[in-house]
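Below: one structure, written as structure tokens.
The values are calculated or read from the model by the stated rules, or taken from the named source; none is laboratory data. All values derive from a computational prediction rather than experimental measurement. Heads up, the Cβs are rebuilt from the backbone with ideal geometry, glycines too, and the neighbour counts pull from every protein chain shown.
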Amino acid sequence: MATSPSGMQDGFPTSRVVVLVKALPQPSKRYGETVCCAGVTEQREWKRLFPVRFRHLEGRHSFGRWDVITFRYRRPTHDSRSESCHVFEDTIARNGSLPPRERARLLDPLVVPSISSAAAQGRSLALIRPKNTCFRLKPKKPGHIADERAAYKRAAKQTAFFDKQLAEIEPSPFEFIFDFEDGDGHHSFRSGDWETHTMFWKWRMSHGEAGALSRMSAVYNDHYPGRGMAFVVGNQAKRPHVWQLLGVLRLDEVRQPDLFG
């Protein structure tokens, strides 16, 4: 059997998922700049997609949150987590998106009461409904920003001959943090959600830094919690006891019908 992914050879499974997570790009010595993505199938099975060089994707290969994509994959060599897929990047294809009215119906059965309950079930990805959330920020130290900027610069230059040249990513000057509670108690997680950081840069350009932060606070401290919010959390391959906040979703809560209404 051929090992090249080109042509979508027999022997490699195909998956179809609704994308929920696009994590912050990470510099990689092997792949340059990669993004860890994750989603769920129609059968509510989690899939972690890696390595995805997201900023190299164009046209129907590119995707966002709530898009439906198909891809071919194999089991990873150095990642034993059951949800993980080594994706053949050139087989990624976008096929529409999941309408807002169908999102809660698909995802609500996946909600677990706590991170520890997900770990006890052997999962490495999970969806939780956080309680008593507080979005806040913490300024990064100048040295930290400089190190991140240098790493992104190296990753942007590390491309194959036919790859397009990437603009260097400018790291956010803040850590975006969510304090929240689940069934285990209180947590404070830094957001690894790329959309949170993109939101900051987009609004800073149009409203200034103070205006951007004010708007983000309104979204994450008022709008999302008031209408329904969920977190996608996942653990690390090398340190499975360490869990991270990967995605912040605006997700309606499923209301049980009133039997006496």
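For the reader, a short list of remarks on this structure follows.
- Selection from segment 122-134 of residues that are closer than 30 Å to Glu45 by Cβ and part of a strand (DSSP E or B): Leu125, Ala126, Leu127, Ile128, Lys131, Thr133
- Any hit, segment 86-102, residues being part of a helix (DSSP H, G or I), under 19 Å from Arg48 (Cα atoms) and hydroxyl-bearing (Ser, Thr, Tyr): yes
- Restricting attention to segment 193-208, the residues being in a helix (DSSP H, G or I), out of contact with any Ser or Thr (no Cβ under 8 Å at 6 or more places or on another chain) and in contact (Cβ under 8 Å) with a residue 24 or more places away in the chain number 3.
- On inspection, Arg255 fails the criterion of being at pLDDT 95 or above and either out of contact with any strand residue (DSSP E or B) (no Cβ under 7 Å at 6 or more places or on another chain) or assigned by TED's automatic domain parsing to the domain that holds Val21 (or both).
- Residue in segment 110-121 that is outside the structural domain of Met199 (by TED's automatic domain parsing) and either part of a strand (DSSP E or B) or on the phi > 0 side of the Ramachandran plot (or both) present: yes
- Of Val232, Val219, all but one fail to be of a type in the set (Val, Ile, Thr) and more than 13 Å from the chain's Cα centre (by Cα); the exception is Val219.
- Tally of residues being assigned to a loop (DSSP other than H, G, I, E, B) and modelled with pLDDT under 95 across segment 135-153: 0
- Matching residues in segment 154-187 - criterion: being among the β-branched types (Val, Ile, Thr) and modelled with pLDDT of 85 or more: Ile177
- For segment 8-60, the strands (runs of 3 or more DSSP E) that sit wholly inside it and include 3 or more residues that are modelled with pLDDT of 80 or more are 14-22, 32-40, 46-52.
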